[in-house]
Every structure is written in structure tokens, then in C-alpha cells.
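Okay, so here's the structure we're looking at.
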Amino acid sequence: MPPRILTMTTDFGGDGPYVAAMKGVVLARVPDARIVDVSHRIGPQNILEAAFVLACVVEAFPPGTVHLGVVDPGVGTQRRLVAARIAEQWFVLPDNGFLTYVARDRSVDEVYELDNPAIARTPVSNTFHGRDLLAPAAAHLLLGQPASALGPPRHGIVRLPAAEPRKEDSGVVGEVIFRDGFGNLITNVPESMLTEAPGDCWTVEIGDHRIDGLTRTYGLHAPGTLVSLVGSSGWLEVSLVNGDASRFLNCGPGTTVWFRRKG
């Protein structure tokens, strides 16, 4: 039997009982589950950041993996909770845009709304659906039980309307969507949007700074040099060699970044 792998991505932080409570619900039902913490330090209620982080790990996991996500500013309201099958993996989370980047270049094969009280943990809290609804649904899928038992099938998912870069005559305009632990500023612009011209044909503008061309990797430049390159996730980023670009530029998520073709 293949390993039962569950990942978790939340905005619960590193302290407190919330993550442990969700793991306890899963392990009570699936004792041999292998749980991987993607991140519990997503910015509070920051769905865009959560969507980026989750998308970055999908290709690293095998078919059958279940991804459990809780960044849920609408908890307790009429927003949907869903289980969606994408890339032969399951995603159990609020349908609030969380899957925007996972589904960017992938088909959404199945979607079920979580609506079966027989699978939920009882009683169901109005403010902790991660523990009482999402974790039991994830355990159900880890056990190989039919997804159709979770609730009725649905069509489509919610996508964040402002999450995509924009093509213009002079190039591409995007925005920073994530600051990683090194201070690199990762944008929502995928490498595929700049393939029409070589890297040295672009000028990158962020704040009052201009970067001449794209580079292949950080170490090709002297420490303290501001550079732009395609990061390991396949998205364009702005970085400071051996430094923190976010502090140097005094900017973060939401900052506009221009990628302009020279001439």
C-alpha cells in the first residue's frame, strides 16, 4: 500500500493548539498517516500567499497525496468547503481562491462540496472548521474512501480575480505576492510570459529601481547587487545577492513590478 501522505498549510502560526488539534483528528482516524507541514506561518487571512505557497509544492508530491489547507477568513459563513482533485492529488480547503495557482495550468478533475454530517467531527464549532470539517474529510480521502461520499459534486472553483499579471504593449506588469525567508520578492509572473525574448532583452522596474536584464542565478553577481531571475518555483523574482531585497527596497507583497522589453 502506498504511504498515506497529508500536507498541511495554514495561517495558525507556530504556537497554540490549533495545528495539533487538526493532526489529532487525522491521526485518530488514520494512525499511519504521514503528515508534512508545508507552512503554518501564512499571513493571517492572506489567501493569495497561501495560494502561492501551496502551488509551489504540488509537483514534489506523489499521486494520491491529500493537501489540507486552512486560511479561512470566512469561517462560519456560507462560503463553501471543498475537496478538489487536481494533478492526481486531493485538496481539502475553503473554496475562497486558495486553489488559484494550483489550478493555473492544470485541469480541475473533480470537486465535491463538504456536506455530509456523518463524516464531520461533532459538535461542529462555528469558528474551527479546519478541525471539525476539513480534517475529517482529509482523513476520509487518506483512507481511500470515495470522494462522492463527502457531499454533492460541484463545477469550478473560486479564483482570485487580481492574482494574474497583465500583458501590455511594452511588456508585462505583475506584483509581488510572496516574500520568502531570504527576503526574495516573488512575483505572480511565470517564466512562460517572458519567453518571447531572451533575458538580456528585459528591464525590470520595482519602486525607484531598474534592473538591467534577467540573470540565471544569484552567484553570478557581486554581493549587494539587485537582480531579477526565474526562481525554483518557475516565477520571476527580485533578489538582493547575499542580502534582503524586501528590506533594501522597503517593499513586499502588493508591490507592482514591471518587466519591460528594451526598445
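Here are the numbers for the structure shown:
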{"read-out": "Qualifying residue in the stretch 161-168 (condition: at pLDDT below 95, of a type outside the set (D, E, K, R) and out of contact with any Ser or Thr (no Cβ under 9 Å at 6 or more places or on another chain))", "value": "yes"}
{"read-out": "Those residues of the stretch 148-183 which are among the β-branched types (Val, Ile, Thr) and either over 30 Å from Ala120 (Cβ atoms) or surrounded by fewer than 16 Cβ atoms within 10 Å (Cβ to Cβ) (or both), in sequence order", "value": "Val172, Val173, Val176, Ile177"}
{"read-out": "Sole residue being part of a helix (DSSP H, G or I) and outside the structural domain of Leu48 (by TED's automatic domain parsing), chosen from Gly224, Gly219", "value": "Gly219"}
{"read-out": "Selection count where residues are within 20 Å of Ala245 (Cα to Cα) and either within 19 Å of the chain's Cα centre (by Cα) or among the aromatic types (Phe, Trp, Tyr) (or both), scope the stretch 165-190", "value": "17"}
{"read-out": "Selection within the stretch 3-31 - more than 17 Å from Pro136 (Cβ to Cβ) and loosely packed, with under 13 Cβ neighbours inside 10 Å", "value": "Pro3, Gly13, Gly14, Asp15, Gly16, Pro17"}
{"read-out": "Residue check, Arg80 touching a helix residue (DSSP H, G or I) at 6+ places or on another chain (Cβ under 7 Å), outside the structural domain of Gly234 (by TED's automatic domain parsing) and basic (Lys, Arg)", "value": "no"}
{"read-out": "Subset of the stretch 229-248 (residues that are at positive phi and modelled with pLDDT of 95 or more)", "value": "Asn242"}
{"read-out": "Strands (runs of 3 or more DSSP E) contained in the stretch 101-199 and holding at least 2 residues under 19 Å from Ser39 (Cβ atoms)", "value": "171-179, 185-190"}
{"read-out": "Enumeration of residues in the stretch 84-113 that are crowded, with 24+ Cβ neighbours inside 10 Å and of a type in the set (A, V, I, L, M)", "value": "Ala84, Val92, Leu93, Leu99, Val102"}
{"read-out": "Residue in the stretch 36-71 that is surrounded by the most Cβ atoms within 10 Å (Cβ to Cβ), counting only those that are touching a helix residue (DSSP H, G or I) at 6+ places or on another chain (Cβ under 6 Å) and not in a strand (DSSP E or B)", "value": "Val71"}
{"read-out": "Count of residues meeting criterion [of a type in the set (A, V, I, L, M) and over 19 Å from Leu134 (Cα atoms)] in the stretch 90-107", "value": "1"}
{"read-out": "Residue in the stretch 169-189 that is modelled with the lowest pLDDT, counting only those that are more than 19 Å from Val227 (Cβ to Cβ) and of a type outside the set (Asp, Glu)", "value": "Ser170"}
{"read-out": "Filtered residue count, the stretch 235-263, keeping only those that are β-branched (Val, Ile, Thr), buried (at least 19 other Cβ atoms within 10 Å of the Cβ) and either within 23 Å of Pro44 (Cβ to Cβ) or over 24 Å from the mean Cα position of the chain (by Cα) (or both)", "value": "1"}
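Residue-by-condition table, conditions (1) in contact with a helix residue (DSSP H, G or I) (Cβ under 7 Å, 6 or more places away or on another chain); (2) aliphatic (A, V, I, L, M); (3) in the same structural domain as Ala50 (by TED's automatic domain parsing):
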{"position": "Pro117", "(1), (2), (3)": "no, no, yes"}
{"position": "Pro123", "(1), (2), (3)": "no, no, yes"}
{"position": "Val173", "(1), (2), (3)": "no, yes, no"}
{"position": "Gly183", "(1), (2), (3)": "yes, no, no"}
{"position": "Val189", "(1), (2), (3)": "no, yes, no"}
{"position": "Met193", "(1), (2), (3)": "no, yes, no"}
{"position": "Asp200", "(1), (2), (3)": "no, no, no"}
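The values are calculated or read from the model by the stated rules, or taken from the named source; none is laboratory data. Treat the numbers as computed from the prediction; the structure is a model and nothing was measured. Because the Cβ atoms are built from the backbone with ideal geometry, glycine has one as well, and the counts that use them run over all protein chains shown.
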